[in-house]
1. Restricting the search to segment 306-320, which residues are under 19 Å from residue 268 (Cα atoms) and either of a type in the set (D, E, K, R) or over 19 Å from the mean Cα position of the chain (by Cα) (or both)?
2. Hey, can you tell me all the residues within segment 39-68 that are under 19 Å from residue 437 (Cα atoms), open to solvent by less than 30 Å² (accessible area, probe 1.4 Å) and assigned to a loop (DSSP other than H, G, I, E, B)?
3. Restricting attention to segment 346-365, which residues are in contact with an Asp or Glu (Cβ under 9 Å, 6 or more places away or on another chain), surrounded by 24 or more Cβ atoms within 10 Å (Cβ to Cβ) and not small (Gly, Ala, Ser)?
4. For the condition among the hydrophobic types (A, V, I, L, M, F, W, C) and at pLDDT below 95, what is the one hit in 209, 179, 193?
5. Are any residues in segment 137-160 closer than 28 Å to residue 244 by Cα and buried (at least 24 other Cβ atoms within 10 Å of the Cβ), and if so, which ones?
6. Does any residue in segment 91-120 that is under 16 Å from residue 68 (Cα atoms) come within less than 9 Å, Cβ to Cβ, of a residue that is assigned to a strand (DSSP E or B) and hydroxyl-bearing (Ser, Thr, Tyr) six or more places away or on a different chain, and which pairs are these?
7. Take residue 112 and tell me if it is more than 22 Å from the chain's Cα centre (by Cα), small (Gly, Ala, Ser), more than 19 Å from residue 210 (Cβ to Cβ) and in a loop (DSSP other than H, G, I, E, B).
8. Is it the case that some residue within segment 278-289 is touching a strand residue (DSSP E or B) at 6+ places or on another chain (Cβ under 6 Å) and within 18 Å of residue 213 (Cβ to Cβ)?
Amino acid sequence: MRRTVVVMVAALATSLAAAWPASGAPERAPESQQALADVNGDGFDDLAVGAPEEDVGTLINAGAVNALYGSATGLQTSGDLFMQGSGGVAGSLEAGDRFGAAIAKGDFDADGFLDVAVGAPGEDVGAVNAAGAVNILAGTAGGLSGGPLFTQDNPEPVDQFGAVLAAGDYNGDGFFDLAVGAPTEDVGATGDAGAVTVLFGGPGGLTTAGHQTLVQGGGGISGAAEGSDLFGAALASAIMAGDDVHDLVVGAPGENLGATVDAGAVNVLAGSGAGLVNGSLLTQGNPETDDVFGAAVATGDFDDTDGDDVAAGAPGETVNGRQSAGAVSVFNGSPGGLANERLLFQGTAGIPGSPETEDFFGEAVAPTDSNGIGQWDLAVGAPDETVGTRLRAGAVSVFEASGGPGGVVAPGPVFTQGGGGLGGTAETLDEFGFALE
């Protein structure tokens, strides 16, 4: 079992933000892409791209974000480059900040322009190493501009606050809120238990006033804060109950289930007028050691019924004796709650490919309207998939939604670099499919 997989997924899975933001999957894909990607109000989708490993001068991994603005002819190659400490962006350039490691979009002040939240999980807060921070880039008619910087009240070394982000209206007041994961946060004396902070939006944008700090076992949330749970390693927003209030899905891939170490779990927190409250705890039907279920989560209405569904990756799942071949569980949503777990893995029920040791199928999951019919499908990354003789070249599988009860049922195409007209060439160690958004 590759021990770095969980933290790396948390840090990098949202490093590239496409037109669909981490703000919850609406019921219909095309409308969401039109409504939730325009930062300058011109009616065209824009794109924010994080480059957390960007070196700035001699400052290694300081990080940067590129904003590419849409037009009638598509994305413009000229755009804006944002770095901490310049162009009105709060903070200062420092090595290892990894500014751009996570991105989420939401209209935090309800002014009609999408704002962009940017995680810098390696940010030092005072003398506290890698405590982490989140910058806000405000949407305006002229494009993105600098905004406030948020850090934790009591930062600790290597909390990685801002490693994962999601946006949604969690209290139903019409303003987007921001969920910030700190998967290596210590809870009391419990190391790397993980925590999620929710900053609420308002007329002046996000504020720390009335913020929520969510940990397992606290405030009625299911589970208990345990060492290396990594609660908050993956986040996704959704609307599950048809009430127009966003819910939050939180992965805890290091969760132990009884004596089963690192089996993993997913907390579903329900949105309400008081913010996020306990919902349910999802686990696999047959949890095993090192499954790391919840290392990646995604939401979308895959079955075209009331309520979004939840997909959770378990890249450490053993399949037919092959360790870390990987699997994905899909739970169908309804007003009555999530149910009917469907397990997806390579080589079964018509799914292309075959399970191989350390494919890590499910290390990344994301909704996509791949065929343009207005129905969410599910993309699954297997970054260590062998392509021909090229080890860890990587592949992405697409599962097409059924359009009715039953959820994701039809295996679709499998993409590899250089195959089926796709650009690039499959090469050893490419890890194509490591991150999806």
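1. 306, 307, 308, 309
2. Those that are under 19 Å from residue 437 (Cα atoms), open to solvent by less than 30 Å² (accessible area, probe 1.4 Å) and assigned to a loop (DSSP other than H, G, I, E, B): 39, 46, 52.
3. Scanning segment 346-365 gives 346, 359, 360, 361, 363.
4. 209
5. Selection gives 137, 139, 144.
6. Pairs found: 104/237; 113/140.
7. Judged against the criteria, residue 112 is a match.
8. The answer is yes; a qualifying residue exists.
The values are calculated or read from the model by the stated rules, or taken from the named source; none is laboratory data. The model shown is predicted, which means the values in this text are computed figures rather than measured ones. When we count neighbours, we look across all protein chains shown, and the Cβ atoms used for this are built from the backbone with ideal geometry, even at glycine. Ligands, DNA and RNA are stripped out before the accessible areas are found, and what is left, the full protein with its side chains, is counted by its heavy atoms. Shrake-Rupley method; radii C 1.70, N 1.55, O 1.52, S 1.80 Å.
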